[in-house]
1. Looking only at the range 136-151, count how many residues are of a type in the set (A, V, I, L, M) and free of Cβ contacts under 8 Å to residues at least 12 places away in the same chain.
2. Scan the range 213-234 residue by residue and report those that are of a type in the set (Gly, Ala, Ser) and assigned to a helix (DSSP H, G or I).
3. Considering only residues that are of a type in the set (S, T, N, Q) and surrounded by fewer than 14 Cβ atoms within 10 Å (Cβ to Cβ), look in the range 156-206 and name the one that is nearest to the chain's Cα centre (by Cα).
4. Checking PHE153 against (1) modelled with pLDDT of 85 or more; (2) open to solvent by 40 Å² or more (accessible area, probe 1.4 Å); (3) under 30 Å from GLN84 (Cα atoms), which single condition isn't satisfied?
5. May I ask you to list pairs of residues, at least six apart or on different chains, whose Cβ atoms are under 8 Å apart, with the first in the range 152-171 being closer than 22 Å to THR133 by Cα and the second being open to solvent by 70 Å² or more (accessible area, probe 1.4 Å) and of a type in the set (D, E, K, R)?
6. Does ALA173 satisfy being among the aliphatic types (A, V, I, L, M), part of a helix (DSSP H, G or I) and either in contact with a Phe, Trp or Tyr (Cβ under 7 Å, 6 or more places away or on another chain) or at pLDDT 90 or above (or both)?
7. Does any residue in the range 201-223 that is in contact (Cβ under 8 Å) with a residue 24 or more places away in the chain come within less than 7 Å, Cβ to Cβ, of a residue that is open to solvent by less than 50 Å² (accessible area, probe 1.4 Å) and of a type in the set (Gly, Ala, Ser) six or more places away or on a different chain, and which pairs are these?
8. Limited to the range 207-223, what total is found for residues that are over 14 Å from THR83 (Cα atoms) and open to solvent by 70 Å² or more (accessible area, probe 1.4 Å)?
Amino acid sequence: MKILKWLSALAMLLLPLAAFAQQAPGIPVLTVQNAGGAQNWTLSLQVLALLTVLTLLPAVLLMMTSFTRIVIVLGFLRQALGTQSTPPNQVIIGLSLFLTLFVMSPVLNRAYQDGIKPYMDGQMAAEQALDATTSPFKRFMLDQTRDADLQLFTKLAGEKPYASKDEVPLRVAMPAFVTSELKTAFQMGFLLFIPFLIIDLVVASVLMSMGMMMVSPVTISLPFKIMLFVLVDGWSLLMGTLAGSFYT
(Lines give C-alpha, C1' and ligand atoms only; values in the text may rest on other atoms or scores of the structure.)
Protein backbone atom coordinates (compact mmCIF):
# COMPACT_ATOMS: atom_id res chain seq x y z
CA MET A 1 0.00 0.00 0.00
CA LYS A 2 2.83 2.37 0.82
CA ILE A 3 4.45 1.68 -2.56
CA LEU A 4 1.22 2.77 -4.27
CA LYS A 5 1.29 5.99 -2.26
CA TRP A 6 4.91 6.62 -3.24
CA LEU A 7 4.16 6.00 -6.92
CA SER A 8 1.25 8.39 -6.63
CA ALA A 9 3.58 11.01 -5.19
CA LEU A 10 5.96 10.60 -8.10
CA ALA A 11 3.12 10.67 -10.62
CA MET A 12 1.84 13.89 -9.05
CA LEU A 13 4.95 15.65 -10.33
CA LEU A 14 3.42 15.41 -13.80
CA LEU A 15 -0.07 16.41 -12.74
CA PRO A 16 -0.46 19.24 -15.28
CA LEU A 17 -0.54 16.64 -18.06
CA ALA A 18 -3.44 14.85 -16.45
CA ALA A 19 -5.29 18.12 -15.81
CA PHE A 20 -4.89 19.04 -19.47
CA ALA A 21 -6.06 15.57 -20.51
CA GLN A 22 -9.35 15.95 -18.65
CA GLN A 23 -10.24 19.10 -20.59
CA ALA A 24 -8.98 18.23 -24.08
CA PRO A 25 -10.74 16.01 -26.64
CA GLY A 26 -9.41 12.65 -27.73
CA ILE A 27 -6.96 12.10 -30.58
CA PRO A 28 -8.40 10.38 -33.70
CA VAL A 29 -6.61 7.05 -34.15
CA LEU A 30 -8.70 4.78 -36.40
CA THR A 31 -11.74 5.02 -38.69
CA VAL A 32 -13.76 1.82 -39.29
CA GLN A 33 -16.17 1.55 -42.24
CA ASN A 34 -19.25 -0.63 -41.70
CA ALA A 35 -22.80 -0.97 -42.97
CA GLY A 36 -24.04 1.81 -40.72
CA GLY A 37 -21.35 4.22 -41.85
CA ALA A 38 -17.96 5.25 -40.56
CA GLN A 39 -17.04 4.90 -36.90
CA ASN A 40 -14.15 6.92 -35.46
CA TRP A 41 -11.96 5.57 -32.67
CA THR A 42 -10.06 8.05 -30.53
CA LEU A 43 -7.28 7.78 -27.97
CA SER A 44 -8.18 9.39 -24.66
CA LEU A 45 -5.67 12.00 -23.58
CA GLN A 46 -6.03 10.70 -20.06
CA VAL A 47 -4.53 7.39 -21.20
CA LEU A 48 -1.88 9.23 -23.18
CA ALA A 49 -0.98 11.34 -20.15
CA LEU A 50 -0.78 8.23 -17.97
CA LEU A 51 1.58 6.53 -20.43
CA THR A 52 3.70 9.69 -20.52
CA VAL A 53 3.88 9.69 -16.72
CA LEU A 54 4.98 6.06 -16.67
CA THR A 55 7.74 6.67 -19.22
CA LEU A 56 9.05 9.67 -17.29
CA LEU A 57 9.06 7.98 -13.89
CA PRO A 58 12.56 6.43 -14.40
CA ALA A 59 13.96 9.88 -15.19
CA VAL A 60 12.28 11.29 -12.08
CA LEU A 61 13.74 8.43 -10.06
CA LEU A 62 17.25 9.19 -11.31
CA MET A 63 17.01 12.97 -11.10
CA MET A 64 15.19 13.57 -7.82
CA THR A 65 16.03 10.67 -5.46
CA SER A 66 19.01 8.98 -3.83
CA PHE A 67 19.21 6.27 -6.51
CA THR A 68 22.10 7.85 -8.45
CA ARG A 69 24.52 7.94 -5.53
CA ILE A 70 23.63 4.45 -4.33
CA VAL A 71 23.97 2.66 -7.66
CA ILE A 72 27.28 4.39 -8.50
CA VAL A 73 28.81 3.51 -5.12
CA LEU A 74 27.73 -0.12 -5.46
CA GLY A 75 29.26 -0.19 -8.93
CA PHE A 76 32.54 1.14 -7.52
CA LEU A 77 32.45 -1.54 -4.82
CA ARG A 78 32.21 -4.30 -7.42
CA GLN A 79 35.13 -2.84 -9.37
CA ALA A 80 37.22 -2.43 -6.21
CA LEU A 81 36.64 -6.05 -5.23
CA GLY A 82 37.52 -7.16 -8.74
CA THR A 83 34.72 -9.74 -8.82
CA GLN A 84 33.82 -8.96 -12.44
CA SER A 85 30.05 -9.48 -12.68
CA THR A 86 29.41 -10.47 -9.06
CA PRO A 87 27.03 -9.26 -7.77
CA PRO A 88 25.24 -9.06 -11.14
CA ASN A 89 23.66 -5.88 -12.44
CA GLN A 90 20.16 -7.07 -11.55
CA VAL A 91 21.13 -7.45 -7.91
CA ILE A 92 22.82 -4.03 -7.80
CA ILE A 93 19.83 -2.31 -9.42
CA GLY A 94 17.36 -4.11 -7.17
CA LEU A 95 19.36 -3.34 -4.03
CA SER A 96 19.66 0.30 -5.11
CA LEU A 97 15.91 0.55 -5.68
CA PHE A 98 14.98 -0.88 -2.30
CA LEU A 99 17.55 1.24 -0.48
CA THR A 100 16.24 4.27 -2.39
CA LEU A 101 12.70 3.52 -1.18
CA PHE A 102 14.05 3.22 2.36
CA VAL A 103 15.90 6.55 2.19
CA MET A 104 13.14 8.40 0.35
CA SER A 105 10.22 7.07 2.42
CA PRO A 106 9.99 10.19 4.66
CA VAL A 107 10.04 12.45 1.59
CA LEU A 108 7.46 10.37 -0.27
CA ASN A 109 5.20 10.21 2.78
CA ARG A 110 5.34 13.98 3.18
CA ALA A 111 4.59 14.46 -0.51
CA TYR A 112 1.60 12.15 -0.22
CA GLN A 113 0.23 13.73 2.94
CA ASP A 114 0.78 17.33 1.83
CA GLY A 115 -0.21 17.08 -1.84
CA ILE A 116 -1.69 13.80 -3.06
CA LYS A 117 -4.16 13.09 -0.26
CA PRO A 118 -5.69 16.61 -0.11
CA TYR A 119 -6.02 16.62 -3.90
CA MET A 120 -7.72 13.20 -3.97
CA ASP A 121 -10.07 14.32 -1.18
CA GLY A 122 -11.02 17.42 -3.16
CA GLN A 123 -9.53 19.77 -0.57
CA MET A 124 -6.85 21.29 -2.82
CA ALA A 125 -6.63 22.52 -6.40
CA ALA A 126 -4.31 20.84 -8.90
CA GLU A 127 -1.72 23.65 -8.98
CA GLN A 128 -1.56 23.89 -5.20
CA ALA A 129 -1.30 20.10 -4.91
CA LEU A 130 1.55 20.08 -7.43
CA ASP A 131 3.50 22.66 -5.41
CA ALA A 132 2.82 20.80 -2.17
CA THR A 133 3.94 17.50 -3.71
CA THR A 134 7.16 18.78 -5.26
CA SER A 135 8.17 20.82 -2.21
CA PRO A 136 9.49 17.83 -0.16
CA PHE A 137 11.48 16.60 -3.17
CA LYS A 138 13.00 20.01 -3.75
CA ARG A 139 13.87 20.33 -0.07
CA PHE A 140 15.51 16.90 -0.13
CA MET A 141 17.54 17.73 -3.25
CA LEU A 142 18.72 21.09 -1.94
CA ASP A 143 19.78 19.53 1.38
CA GLN A 144 22.17 17.25 -0.54
CA THR A 145 23.35 19.90 -3.01
CA ARG A 146 26.61 21.77 -2.58
CA ASP A 147 26.44 25.55 -2.62
CA ALA A 148 29.04 25.71 -5.40
CA ASP A 149 26.92 23.51 -7.69
CA LEU A 150 23.80 25.51 -6.91
CA GLN A 151 25.58 28.77 -7.66
CA LEU A 152 26.93 27.34 -10.92
CA PHE A 153 23.53 26.40 -12.32
CA THR A 154 21.99 29.59 -10.99
CA LYS A 155 24.54 31.50 -13.03
CA LEU A 156 24.00 29.29 -16.09
CA ALA A 157 20.24 29.90 -15.84
CA GLY A 158 20.86 33.65 -15.88
CA GLU A 159 19.27 34.10 -12.46
CA LYS A 160 20.39 36.23 -9.54
CA PRO A 161 21.47 34.48 -6.31
CA TYR A 162 18.40 33.33 -4.44
CA ALA A 163 17.71 34.71 -0.98
CA SER A 164 16.64 31.30 0.33
CA LYS A 165 16.43 27.74 -0.90
CA ASP A 166 12.64 27.96 -1.06
CA GLU A 167 12.98 30.34 -4.00
CA VAL A 168 15.12 27.93 -6.07
CA PRO A 169 13.06 26.50 -8.97
CA LEU A 170 13.17 22.82 -9.91
CA ARG A 171 14.88 23.55 -13.23
CA VAL A 172 17.89 24.82 -11.27
CA ALA A 173 17.69 22.43 -8.31
CA MET A 174 17.60 19.21 -10.37
CA PRO A 175 20.85 19.58 -12.40
CA ALA A 176 22.64 21.01 -9.36
CA PHE A 177 21.49 18.03 -7.28
CA VAL A 178 22.59 15.46 -9.87
CA THR A 179 26.02 17.10 -10.26
CA SER A 180 26.50 17.15 -6.50
CA GLU A 181 25.41 13.52 -6.23
CA LEU A 182 27.97 12.48 -8.83
CA LYS A 183 30.73 14.23 -6.88
CA THR A 184 29.68 12.61 -3.62
CA ALA A 185 29.42 9.15 -5.21
CA PHE A 186 32.90 9.43 -6.72
CA GLN A 187 34.36 10.54 -3.38
CA MET A 188 32.82 7.54 -1.65
CA GLY A 189 34.06 5.30 -4.44
CA PHE A 190 37.60 6.62 -3.96
CA LEU A 191 37.48 5.80 -0.25
CA LEU A 192 36.19 2.32 -1.07
CA PHE A 193 39.12 1.64 -3.40
CA ILE A 194 41.87 2.48 -0.88
CA PRO A 195 41.87 -0.69 1.33
CA PHE A 196 41.50 -3.00 -1.67
CA LEU A 197 44.21 -1.14 -3.56
CA ILE A 198 46.57 -1.64 -0.60
CA ILE A 199 45.89 -5.39 -0.70
CA ASP A 200 46.65 -5.44 -4.45
CA LEU A 201 49.94 -3.60 -3.91
CA VAL A 202 51.02 -5.90 -1.08
CA VAL A 203 50.21 -9.04 -3.06
CA ALA A 204 51.96 -7.70 -6.17
CA SER A 205 55.08 -6.83 -4.11
CA VAL A 206 55.18 -10.28 -2.52
CA LEU A 207 54.85 -12.02 -5.87
CA MET A 208 57.60 -9.86 -7.37
CA SER A 209 59.92 -10.60 -4.46
CA MET A 210 59.30 -14.33 -4.89
CA GLY A 211 59.98 -14.15 -8.61
CA MET A 212 56.45 -15.23 -9.50
CA MET A 213 55.96 -12.58 -12.15
CA MET A 214 53.84 -14.81 -14.34
CA VAL A 215 51.14 -15.17 -11.68
CA SER A 216 48.39 -12.57 -11.88
CA PRO A 217 48.21 -10.54 -8.64
CA VAL A 218 44.44 -10.20 -9.10
CA THR A 219 43.97 -13.97 -8.82
CA ILE A 220 45.83 -14.06 -5.50
CA SER A 221 44.45 -10.86 -4.01
CA LEU A 222 40.78 -11.55 -4.75
CA PRO A 223 40.24 -14.09 -1.91
CA PHE A 224 41.96 -11.74 0.54
CA LYS A 225 39.78 -8.79 -0.52
CA ILE A 226 36.62 -10.87 -0.18
CA MET A 227 37.77 -12.14 3.23
CA LEU A 228 38.52 -8.59 4.42
CA PHE A 229 35.15 -7.35 3.22
CA VAL A 230 33.31 -10.18 4.98
CA LEU A 231 35.29 -9.93 8.23
CA VAL A 232 34.56 -6.22 8.67
CA ASP A 233 30.87 -6.82 7.82
CA GLY A 234 31.28 -4.67 4.74
CA TRP A 235 27.72 -4.88 3.45
CA SER A 236 26.23 -3.60 6.70
CA LEU A 237 28.82 -0.84 6.92
CA LEU A 238 28.27 0.21 3.31
CA MET A 239 24.46 0.14 3.49
CA GLY A 240 24.48 2.05 6.77
CA THR A 241 26.91 4.63 5.43
CA LEU A 242 24.92 5.13 2.25
CA ALA A 243 21.61 5.47 4.08
CA GLY A 244 23.13 7.80 6.67
CA SER A 245 24.80 10.03 4.08
CA PHE A 246 21.48 11.60 3.09
CA TYR A 247 19.83 14.40 5.01
CA THR A 248 16.06 13.78 5.20
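The values are calculated or read from the model by the stated rules, or taken from the named source; none is laboratory data. Here the structure is a predicted model, which is why all the values come from computation and not from measurement. A quick note on method: Cβ atoms are made from the backbone with ideal geometry, for glycine too, and the neighbour counts reach across all protein chains shown. These area figures cover heavy atoms from the full protein model, side chains too; ligands, DNA and RNA do not enter into them. Shrake-Rupley method; radii C 1.70, N 1.55, O 1.52, S 1.80 Å.
1. Final tally of qualifying residues: 1.
2. SER221, GLY234, listed by residue number.
3. GLN187
4. Looking at each condition in turn, PHE153 falls short on (3).
5. These pairs meet every condition: LYS165/ARG139.
6. Answer is no for this residue.
7. VAL218/GLY82; LEU222/GLY82
8. The number of residues fulfilling the criteria is 6.
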